[in-house]
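To start, the structure itself, in structure tokens.
The values are calculated or read from the model by the stated rules, or taken from the named source; none is laboratory data. Remember, predicted model here, so these are calculated numbers, not experimental data. Note: ideal-geometry Cβ built from the backbone for every residue, glycine included; neighbour counts use all protein chains shown.
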Amino acid sequence: MKQLLLIFCLVLLSSCNYFNTKKVYTEDLLEEELQTFNWNDVDEYPTFAICDSTLGKSNKKVCFENTLRNILNTNLSKYKIIVNDNVDDTIQLKITISNTGKFSIDNIISKAVTKAQIPQLDSLVISCLDTLPKIYPAIKRSQQVATQFSLPIVVKID
């Protein structure tokens, strides 16, 4: 009987280790979360007020890009650009929308032929996009974040 009691006590005492709680440190949780975090995607893309009623993340992005293109085309059409040869190029606008909604053009990439035909193209594009309506910044996990885009713009002058 004593042996049975002794064995029972040993089993009882050794099984208490299973009830120990595992300590979880906030630094470990943060590190794990940061490693699984996709930094290249946002929950909501930047948008203009006219795109607010658009449903869906990809549709809002398309609305934002199309609105930018329309504003650029409308403003560029006010200028009379004279060229010696036909120009048919797709320029790439590298743009940044800050976490406060500030728009900036980082770079304008075009062919050398296009730059030779329209040397003032960069300054025209910049001036055409100076008067944009209010931009609402992108959102990632309920925080406003900066985003970068590459926006293709077709330039065709006959």
**Prompt:** Looking at (1) touching a helix residue (DSSP H, G or I) at 6+ places or on another chain (Cβ under 8 Å); (2) in a strand (DSSP E or B); (3) closer than 18 Å to Leu132 by Cβ, can you tell me which one Asp89 breaks?
**Reply:** (3)
**Request:** Among the residues of the range 47-66, write down those that are in contact (Cβ under 8 Å) with a residue 40 or more places away in the chain and either in contact with a Leu (Cβ under 9 Å, 6 or more places away or on another chain) or at positive phi (or both).
**Result:** Phe48, Glu65
**Complete:** Glu65 passes all but one of the listed conditions (1) modelled with pLDDT under 90; (2) in the same structural domain as Gly101 (by TED's automatic domain parsing); the exception is number (1)
**Subset tally (residues that are surrounded by fewer than 16 Cβ atoms within 10 Å (Cβ to Cβ) and either modelled with pLDDT of 90 or more or in contact with a Lys or Arg (Cβ under 6 Å, 6 or more places away or on another chain) (or both)) for the range 129-142** = 2
**Request:** Return the total of residues in the range 117-128 being crowded, with 18+ Cβ neighbours inside 10 Å and in contact with a strand residue (DSSP E or B) (Cβ under 7 Å, 6 or more places away or on another chain).
**Result:** 3
**Prompt:** Restricting the range 96-116 to residues that are surrounded by fewer than 17 Cβ atoms within 10 Å (Cβ to Cβ), assigned to a loop (DSSP other than H, G, I, E, B) and of a type in the set (Ser, Thr, Tyr), which is nearest to the chain's Cα centre (by Cα)?
**Reply:** Ser98
**Request:** Assess whether Asn70 counts as being part of a strand (DSSP E or B) and surrounded by fewer than 17 Cβ atoms within 10 Å (Cβ to Cβ).
**Result:** no
**Asked** Does any residue in the range 92-104 that is aromatic (Phe, Trp, Tyr) come within less than 8 Å, Cβ to Cβ, of a residue that is not in a strand (DSSP E or B) six or more places away or on a different chain, and which pairs are these?
**Response** Phe103/Leu129; Phe103/Leu132
**Failed criterion for Lys60 (all others in (1) more than 27 Å from Pro137 (Cβ to Cβ); (2) in contact with an Asp or Glu (Cβ under 9 Å, 6 or more places away or on another chain); (3) buried (at least 17 other Cβ atoms within 10 Å of the Cβ) hold)** = (1)
**Prompt:** Which residues, counting only those in the range 77-95, are surrounded by fewer than 17 Cβ atoms within 10 Å (Cβ to Cβ) and either within 30 Å of Ala146 (Cβ to Cβ) or not assigned by TED's automatic domain parsing to the domain that holds Ile109 (or both)?
**Reply:** Thr90, Gln92, Lys94
